[in-house]
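Trainee: Got a structure for you, questions after.
The values are calculated or read from the model by the stated rules, or taken from the named source; none is laboratory data. These numbers come from a predicted model, not from an experiment. Virtual Cβ from ideal backbone geometry, glycine too; neighbours counted across all protein chains shown.
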Ligand SMILES: Nc1nc2c(ncn2[C@@H]2O[C@H](COP(=O)(O)OP(=O)(O)OP(=O)(O)O)[C@@H](O)[C@H]2O)c(=O)[nH]1
Ligand SMILES: [Mg+2]
């Protein structure tokens, strides 16, 4: 029995050093977005340690049903593969069917063919650290691999643990698929159990002021998180460096605690199943009072990145959470400024460099101001025989003044709506207990 969550091997050992890219530009894709997507695929490849040697692109009304590219372009890709003269991976910039991938492999003689989904899944697989992230990625990977079992050479042997071997019959494949289904069911159970734990933990944090850092991969979320909290989270110039959510207090601490969370980044055409499986991790965003939407202002595709992030946030139901758009990396802009029109377009935004301590301090202040603006000022009358209630008020609200009457004190306080609701409820309960 395997102790690791994975029975499907990672591709790491079998991945060659060289890669060729191919992409079909569909009628809906404008030229720029098509180029950007291929540029991203190059960065994804580099994150996997692959060196991109060239690419073949084609405009088409739809993908070729047999081999994604049309016959002429497929031949071009085959010639290019031969020229590389070393084991080569072919990366397809879309999700394709198992048979399309197999046909590309057969025609070109490439070592391995991966579509965009497989590339992203492989990166997630390598970067997952916590148990939760590992389980989430593993489940999506197995679901992705199941229909490809027969097609992915070598994988079948590994899953079988050496039994069977080449030419194993249909029944062996059926057996493998059943094993995978069982494993997927097991993983689902484990994930549900972890979700429950997560819910308990996050319900304990209810009422606290919470901020989630969200945004495109490589935008600088972890860098800003580190600067705002002092936590030693991982920062790297690669895609999907962070997969696990980390929660820390704003540091130095304001009068009342504010919790920040660093989260997994997004990318265009993120496999939907992957988003769904990271839903619990992303609940941090859903439960936050404020989302810091971090973007790399020095990336030419910045506006499209904002769109993608907003799309994913809407998908997980976080569209209604107030957002502060943080245009990061302005130190990389020629004059250190973002265009006026961006500032006008996003009413709540700020332009910073996460590497500049003054900028970080101003983001910190914006966060504090945001929560303070939501506070309501009011008066409460607390009798002297209600010491617990008094203690509760001091714990959860800002007490601005206290006047002492004969039987009770009048407290002028400032608190958010939820806290006021809880206090009112407790005061009523205290009254009814007395009656
Ligand atoms: N020049 C410059 N580089 C920055 C700035 N902020 C972050 N970086 C760099 O950008 C790269 C990505 O930063 P991260 O903080 O890891 O980005 P992330 O958004 O957490 O990325 P993922 O976890 O992969 O989604 C790193 O090399 C950082 O050093 C900045 O303000 N200016
Ligand atoms: Mg990160």
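Trainee: Looking at 202, 171, 130 in this structure, which one is modelled with pLDDT under 90, within 16 Å of ligand 2 (Cβ to nearest atom) and either more than 28 Å from residue 37 (Cα to Cα) or crowded, with 20+ Cβ neighbours inside 10 Å (or both)?
Mentor: One residue alone meets the criteria, 130.
Trainee: Are there any strands (runs of 3 or more DSSP E) wholly within the stretch 327-408 with 2 or more residues that are within 15 Å of ligand 1 (Cβ to nearest atom), surrounded by 13 or more Cβ atoms within 10 Å (Cβ to Cβ) and in the same structural domain as residue 214 (by TED's automatic domain parsing), and if so which?
Mentor: Once the strands (runs of 3 or more DSSP E) in the stretch 327-408 are filtered for at least 2 residues that are within 15 Å of ligand 1 (Cβ to nearest atom), surrounded by 13 or more Cβ atoms within 10 Å (Cβ to Cβ) and in the same structural domain as residue 214 (by TED's automatic domain parsing), what remains is 349-351.
Trainee: Got a sec? Which of 244, 262 is assigned by TED's automatic domain parsing to the domain that holds residue 357, more than 22 Å from residue 323 (Cβ to Cβ), surrounded by 13 or more Cβ atoms within 10 Å (Cβ to Cβ) and within 11 Å of ligand 1 (Cβ to nearest atom)?
Mentor: 244
Trainee: If you don't mind, there's one more thing I want to ask. Go through the stretch 409-428 and give me each residue that's part of a helix (DSSP H, G or I) and touching a residue at least 12 places away in the same chain (Cβ under 8 Å).
Mentor: 417, 418, 419, 420, 422, 423, 426, 427
Trainee: Also, I was wondering about something else. Just to be sure I understand the filter: pairs with C-beta atoms under 6 Å, separated by 6 or more residues or on different chains, first member in the stretch 230-248 and over 13 Å from residue 264 (Cα atoms), second member more than 9 Å from ligand 2 (Cβ to nearest atom) and part of a loop (DSSP other than H, G, I, E, B). Which pairs pass?
Mentor: 230/251; 248/231
Trainee: Return yes when residue 233 is assigned by TED's automatic domain parsing to the domain that holds residue 314, assigned to a helix (DSSP H, G or I) and within 15 Å of ligand 1 (Cβ to nearest atom) and no when it is not.
Mentor: No.
Trainee: Does at least one position in the stretch 282-294 carry a residue that is within 19 Å of residue 363 (Cα to Cα) and free of Cβ contacts under 8 Å to residues at least 40 places away in the same chain?
Mentor: No, the conditions are met nowhere in the stretch 282-294.
Trainee: From the list 210, 201, 183, pick out the single residue that is in a strand (DSSP E or B) and more than 16 Å from ligand 1 (Cβ to nearest atom).
Mentor: 210
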